[in-house]
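**Q** Could you have a look at this structure, given as structure tokens, before my questions?
Nothing in this text is a laboratory measurement; each read-out follows from the coordinates by a stated rule. Keep in mind that what you see is a predicted model, and the values were worked out from it rather than measured. So basically every Cβ, Gly included, is an ideal-geometry build from the backbone, and we count neighbours across all protein chains shown.
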Amino acid sequence: MQKTSLTIKKSLYLFLSTRIIVFYLLKGLVKPRLFRMTLYSKILLVDDDPINNLINKRLLEKVELADSIEEYLDGEAALKRIQHLPSKEVSLILLDINMPVTNGWEFLDIYTEVFSERNDIIIILSSTIDFSDRMKAKDYPIVSGFFEKPLSVDKIIQFIQSLL
């Protein structure tokens, strides 16, 4: 998938701005709602554990990477939601691997086939320690990263830095 030049420039600008904001948030020098600058229109948390979703949502709200954060307990529900998103809208998808109904791998297979025109960023966020899962994730060009649970501010900063 190719990102447009405008998308890359916007991501770069927002990356630098967000990095500064995250630094000040971590140091406690500003309140989270002082700035209103986002990288994504939505973040989709796709994880069958509602407590993980709640914790991740609260952490991501503080950093304000997106206009809204939505939670889905299985891949099928998230795929149905993606069908109704505007095709030009870029979302960040944090995807667990082991879920009922439609697991993370099935989600990626369907997403690759049905939503090839989208420019969403997909990060696997999983508790798996199986190295073969990391290797399998590399087989999907749409996967931009693989992080172990729990999500942390450091992992968010690492992800933002990887955009460069």
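**Q** For region 84-152, what class follows from the C-alpha gyration tensor (a ≥ b ≥ c being the square roots of its eigenvalues): rounded when a/c is under 1.5, otherwise prolate if a/b is larger than b/c, else oblate?
**A** Values: a/c = 1.79, a/b = 1.59, b/c = 1.13.
Here region 84-152 falls in the prolate category.
**Q** Moving on to the next point. Taking other Cβ within 10 Å of each residue's Cβ, how do ASP67, ASP74 sort, fewest first? Could you put the intermediate results ahead of the total?
**A** On the way: ASP67 13, ASP74 19.
Lowest count first: ASP67, ASP74.
**Q** Using Cβ contacts closer than 10 Å as the measure, can you line up VAL101, VAL63 from fewest to most? Spell out each step's value before the answer.
**A** Details: VAL101 12, VAL63 19.
By the 10 Å Cβ count, ascending: VAL101, VAL63.
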